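None of the figures in this text is laboratory data; all of them are computed from the coordinates on show. Computed from a prediction, not measured in an experiment: that's the story for all the values here. Quick reminder, even Gly has a Cβ in these numbers, built from the backbone with ideal geometry, and neighbours come from all protein chains shown.
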Amino acid sequence: MRLTRQTFRSIAAAAALSALAACQTVQTTQGGVVGIDRQQRMAVAPEAINQAAAQEYAQVIAEARAKGLLNTKPSEVQRVRAIAARLIPQTVAFRPDAVHWAWETNVLTSNEVNAWCMPGGKIAVYSALIEKLQVTDDELAAVMGHEISHALREHARERASEQAVADLGLQVGAALLGLGDMSQQVAQYAYMGLVGLPHSRAQETEADRLGVELAARAGYDPRAAVTLWQKMQGLGGGAPVKFLSTHPAPAERLQDLTAYSQRVMPLYEQARRR
């Protein structure tokens, strides 16, 4: 029987969708004291998201350097990197491979109160977060621990996978172009997972909980996460802080952070005695 063009498209789309739908169910991190045990469905290969992250980070750093906005205040850079140096070894409690990532930590001069950690350990802290909030080291560790936790849990890869599976148009296009073009399409979704899609509330809660444990294990007071987010909310001035734009409702978040920071206090006390 001769296939019509429409029938061919339907078969091709189904085949492409099956290729993405045959994704793995993974547990990216060990649960830790805070008990992060949600399994994740991944359709995008880690290599794709890590390559996209490395390229994007290199571009951000290059642009900041060209504009004279990279690591302009040595005291801030030294402070941020010292905190990173204490947090990174503690990632082994959640995934042993993370300590071997090619970690990078930089401070970008910006009026935006923000920070992030791309897959593979590419960290950026914006100067306004330090200066406008007058953060303590414990509070800065809370921010960085939260962002590192996104990378540990591979939330960017998860977002890219969800987008790729959901978009049937991608499957049709990839099938019609041929399987050889599939990798290019997936790479585009890896990029979207990094910069184009917000974290879900579930992912933000995971990063909050894992982040307070990471900070506690590094000897930073986990209760600083609560004061940090209170400072964030207190900025006000009209438009919401971009860093908080996709996070859970403030009251719920503070309640959750308070509960989980108390849960990891024994780890903090133990770290202080070392």
Self-check item: Partner aspartates and glutamates for Lys132 [C-alpha distance under 15 Å; skip if fewer than 8 residues away on the same chain]
Solution: Glu76, Glu112
Exercise. For the range 112-164, restrict the atom set to alpha-carbon positions and state the Rg and Dmax in Å.
Key: 12.6, 40
Quiz item: Ranked from highest to lowest mean number of other Cβ atoms within 10 Å per residue, what is the order of the peptides 49-56, 32-39, 135-142, 208-215?
Solution: 208-215, 135-142, 49-56, 32-39
Self-check item: Taking the convex hull of Cα positions in the range 18-150, its mean projected area over all directions (nm²)
Solution: 9.1
